[in-house]
Amino acid sequence: MPTLTIDGDEIEVAPGHTVLQPCEQAGAEIPRFFYHERLSIAGNCRMCLVEMERSPKPIASCAMPAADGMVIHTATETVRKARHGVMEFLLINHPLDCPICDQGGECDLQDQAMAYGAGRSRFLENKRAVADKDFGPLIETHMTRCIHCTRCIRFSTEVAGVEVLGATGRGEHMEVGTYVERTIASELSANIIDLCPVGALTSKPYAFAARPWELVKTESVDVMDAVGSNIRIDSRGRDVMRVLPVLNEDINEEWISDKTRYACDGLARQRLDRPYVRRDGRLRPATWPEAFAAIAERLDGVPGSRIAAIAGDQCDAESMVALRDLMAALGSPHVDCRQDGARLPVSPRAAYLFNTTIAGIEEADACLLIGTNPRREAALVNARLRKRSLAGRFPVGLVGEAADLTYRVEHLGTDPAVLAAIADGSHPFAAVLAGAERPMLVVGQGALARADGAAVLALARGIAESCGMIGDGWNGFNVLHTAAARVAGLDLGLVPGAGGRDVGAILDGAAAGDLDAVYLLAADEIDAAKLAGAFVIYQGHHGDAGAHVADVVLPGAAYTEKDGTYVNTEGRAQRGRRAVFPPGEAREDWAILRALSAELGRTLPYDDLAAVRARMAELAPPLGAPDEIEPAPWAPFGGDGSVSDAPFAVPFANFYMTDPVSRASATMAACAAAFAPAAGGGDGGDV
């Protein structure tokens, strides 16, 4: 390993590093604009200049490979003068509009000008002006501020896989933009705002809304998909102002999807802020005692066999524990958390997890995608697959709807019969999987949320076993979920008990008059029209489909308004934290269920969040160990029966509007209109 001397200290670094890494390892602060750890090296800002002995001039530390015996000085007078000169050049054309720039207070150029600038400029010429570009409804451009760092270009090309940005012209005439005037159709596009070291790219929905020092910052977990991206919620008063990524190497690295970032404006629209009771055919405001009394009166004398409950896709584990215990106390076996009807068992746990883990994708050397479009369903998982694909020697096969996944994919067809051919080894791709050292497959909800989903699951298990995906230290069988609540619901056993009904049977039973009451815990992705004949209790935070058919509405808290536990698709439990308080009379969901249980005479045995979490850990030990992943034991699973010849379809067509929060978001509506005009906002363009 190379050993360098940095400011008098010997530092040993791994091969392949540049000089910049050992300098920072030694404690030296190296300014930079163009360099970024996750992007290719551009090396043309020269802000990271350091002095190397026996070199005739300062070197760019971000681009110079570290070599054994190098002697580096990071704080000499030569280095100081070089940085002053670079900063002076960068500011030649930069406008002095910091007071009105949204990047103010978070700007790398501001910070480094203060720390490394000379304090004045010798250039008196007129500054250049560049026309702003239209990148779509999410990204505001002020291209006169651009310092040509090309971070946005490199991210779009290398990470997002959308080769739409580039540079035209040379020297002072160089401009960054799209080659042809168009918006950036990528589910990860807004990450270039975080990457931009100046105010050239800012958030259009957040423009002129707040300054960073006005905001309260709360780290939490995203619930827009099942990835479990780590986020920071910036709030002012009772309003969520913006959502930003938090670094987590095992899950989202430092990126988040555009829906995660921008759907938060939906938290202020169509909210349920008080209880409602249906009287004379209309929902009318009520007090909490009146709402509970209406429920108790209607359920009085109703046997548990005629009561059912459905848990929604964004529920926290604490509320699902309370719902499970309440239904058990009422004697109801009709409980289900699988809103989309996915045929997933609760045992073994390996049957419904992304067992390879998200970070483990980088260790795989072959992949089979079954009935999934990870670019729509889990953008950060797709980014990992692309990252692994760019590393080379990673064949990917897709059985399902063809799509542009931003990396090379061999489309094997949409016919489920292809899976049987792979399982028995007669398909050519079976040899590809069998010849790999660490092959993996990913089963999506498009393959499982079908009448034959259990048989498809069994077929996928057969492929995993026959193609060598299961072994010591490696499990290549993966289920990609789309709902943030799904894994926790399965861990807690929110599936029908003996003689119980699943979601489809609950809806059919309510339509046929076999069920008297249905409890919807933020469940909106169902055919609510079938519930018209039953007494419906809806507990949630938005006036979405479930609230429209409800007889009693109980206002709950959204994910930014409560402390909650969420388990991502790989089985990692994480704790979300409250950033703001719920509006009006809305309350945390587990507390509503606890209060209702007392009104029904079935008081649940916990009075605070700690007791709820103790009960949660009792039912599902993995939920009591946040931020840990324990490999799940392998055992037979899946159902019998034949697989139909119906082609696999993706779970949803519109990436931008998949849940009550994003459907209430004006920004997501603008994205759907901008990126899918031909489909009426349906397919998100390339997204």
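The values are calculated or read from the model by the stated rules, or taken from the named source; none is laboratory data. Computed from a predicted model, the values in this text were never measured in an experiment. Neighbour counts run over all protein chains shown; Cβ positions are idealised from the backbone, glycine included. Just the protein is used for accessible areas: all its heavy atoms, side chains included, with ligands, DNA and RNA removed. Shrake-Rupley method; radii C 1.70, N 1.55, O 1.52, S 1.80 Å.
Look at (1) within 30 Å of the chain's Cα centre (by Cα); (2) modelled with pLDDT under 95 and you find that Gly533 fails only one, number (1). Taken over region 483-499, the criterion of being on the phi < 0 side of the Ramachandran plot and not in a helix (DSSP H, G or I) is satisfied by Ala483, Ala484, Ala485, Leu492, Leu494, Val495, Pro496, Gly497, Ala498. Here region 154-181 is the region considered, the condition is being surrounded by 14 or more Cβ atoms within 10 Å (Cβ to Cβ) and among the charged types (D, E, K, R), and the residue that is nearest to Ala42 (Cα to Cα) is Arg154.
Confirm whether Gly497 is at pLDDT 95 or above and more than 30 Å from Pro583 (Cβ to Cβ). Steps first, please.
On the way: at pLDDT 95 or above: no; more than 30 Å from Pro583 (Cβ to Cβ): yes.
Answer is no for this residue.
Checked against the criterion of being within 24 Å of Asp102 (Cβ to Cβ) and either of a type in the set (Gly, Ala, Ser) or buried (at least 16 other Cβ atoms within 10 Å of the Cβ) (or both), the candidates Arg278, Arg232, Arg269, Arg274 yield just one match: Arg232. Which residue, of Ala420, Ala431, Ala458, is outside any loop (DSSP other than H, G, I, E, B), out of contact with any Pro (no Cβ under 8 Å at 6 or more places or on another chain) and more than 25 Å from Leu344 (Cα to Cα)? That would be Ala431, the only listed residue that is outside any loop (DSSP other than H, G, I, E, B), out of contact with any Pro (no Cβ under 8 Å at 6 or more places or on another chain) and more than 25 Å from Leu344 (Cα to Cα). Among the residues of region 107-128, the one identified as aromatic (Phe, Trp, Tyr) and either in contact with a strand residue (DSSP E or B) (Cβ under 6 Å, 6 or more places away or on another chain) or not in a loop (DSSP other than H, G, I, E, B) (or both) is Tyr116. Just so you know, in region 386-398 the residues that are assigned to a loop (DSSP other than H, G, I, E, B) and open to solvent by 40 Å² or more (accessible area, probe 1.4 Å) include one that is nearest to Leu39 (Cα to Cα), and it is Ala391. Contact map, region 241-269: first residue touching a residue at least 40 places away in the same chain (Cβ under 8 Å) and within 13 Å of Asn230 (Cβ to Cβ), second residue assigned to a loop (DSSP other than H, G, I, E, B) and open to solvent by 30 Å² or more (accessible area, probe 1.4 Å), Cβ cut-off under 7 Å, separation 6 or more or different chains; pairs are Pro245/Glu254; Glu253/Arg38; Glu254/Leu247. In region 358-373, of all residues being crowded, with 24+ Cβ neighbours inside 10 Å and either free of Cβ contacts under 8 Å to residues at least 40 places away in the same chain or within 26 Å of Ser644 (Cβ to Cβ) (or both), the one that is nearest to the chain's Cα centre (by Cα) corresponds to Asn373.
The set of residues from region 434-455 being touching an Asp or Glu at 6+ places or on another chain (Cβ under 9 Å), surrounded by fewer than 24 Cβ atoms within 10 Å (Cβ to Cβ) and either in a helix (DSSP H, G or I) or of a type in the set (S, T, N, Q) (or both) comprises Ala454, Ala455.
Listed here are the residues, each with its yes/no results for (1) open to solvent by 20 Å² or more (accessible area, probe 1.4 Å); (2) basic (Lys, Arg); (3) more than 28 Å from Val164 (Cα to Cα).
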{"position": "Arg384", "(1), (2), (3)": "no, yes, no"}
{"position": "Gly400", "(1), (2), (3)": "no, no, no"}
{"position": "Ala403", "(1), (2), (3)": "yes, no, no"}
{"position": "His427", "(1), (2), (3)": "yes, no, yes"}
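Could you go through region 560-577 and let me know if any residue there is part of a helix (DSSP H, G or I) and either in contact (Cβ under 8 Å) with a residue 24 or more places away in the chain or open to solvent by less than 20 Å² (accessible area, probe 1.4 Å) (or both). Let's see the steps before the verdict.
Pass one, region 560-577, residues part of a helix (DSSP H, G or I): 560-561.
Cutting the leftovers down to either in contact (Cβ under 8 Å) with a residue 24 or more places away in the chain or open to solvent by less than 20 Å² (accessible area, probe 1.4 Å) (or both) gives us 560-561.
Within region 560-577, one or more residues are part of a helix (DSSP H, G or I) and either in contact (Cβ under 8 Å) with a residue 24 or more places away in the chain or open to solvent by less than 20 Å² (accessible area, probe 1.4 Å) (or both).
The set of residues from region 334-357 being assigned to a strand (DSSP E or B) and either crowded, with 24+ Cβ neighbours inside 10 Å or of a type in the set (S, T, N, Q) (or both) comprises His334, Val335, Phe354.
Restricted to region 170-199, and to residues that are acidic (Asp, Glu) and under 25 Å from the mean Cα position of the chain (by Cα), which residue is nearest to Ile147 (Cα to Cα)? Full working, then the answer.
Going through region 170-199, the residues acidic (Asp, Glu) turn out to be 172, 175, 181, 187, 194.
Filter once more, keeping what is under 25 Å from the mean Cα position of the chain (by Cα): 187, 194.
Numbers: Glu187: 25, Asp194: 15 Å.
Filtering first and then ranking leaves Asp194.
Restricted to region 223-319, the set of strands (runs of 3 or more DSSP E) holding at least 1 residues that are within 29 Å of Ala666 (Cβ to Cβ) and either touching a Gly at 6+ places or on another chain (Cβ under 9 Å) or small (Gly, Ala, Ser) (or both) comprises 230-236, 307-311. Taking every residue in region 179-197 that is touching a residue at least 60 places away in the same chain (Cβ under 8 Å) and outside any loop (DSSP other than H, G, I, E, B) and pairing it with any residue that is crowded, with 19+ Cβ neighbours inside 10 Å and basic (Lys, Arg), at least 6 positions away or on another chain, the pairs with Cβ-Cβ distances below 8 Å are Leu195/Arg151.
Given the criteria in contact (Cβ under 8 Å) with a residue 24 or more places away in the chain, among the charged types (D, E, K, R) and under 20 Å from Trp634 (Cβ atoms), does Arg438 qualify? It is true that Arg438 is in contact (Cβ under 8 Å) with a residue 24 or more places away in the chain, among the charged types (D, E, K, R) and under 20 Å from Trp634 (Cβ atoms).
Residue-by-condition table, conditions (1) within 30 Å of Ala296 (Cβ to Cβ); (2) in contact with a strand residue (DSSP E or B) (Cβ under 8 Å, 6 or more places away or on another chain):
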| position | (1), (2) |
| --- | --- |
| Met320 | yes, yes |
| Arg324 | yes, yes |
| Pro333 | yes, no |
| Cys337 | yes, yes |
| Ser347 | no, no |
| Ala350 | no, yes |
| Ile358 | no, no |
| Cys367 | no, yes |
| Asn373 | no, yes |
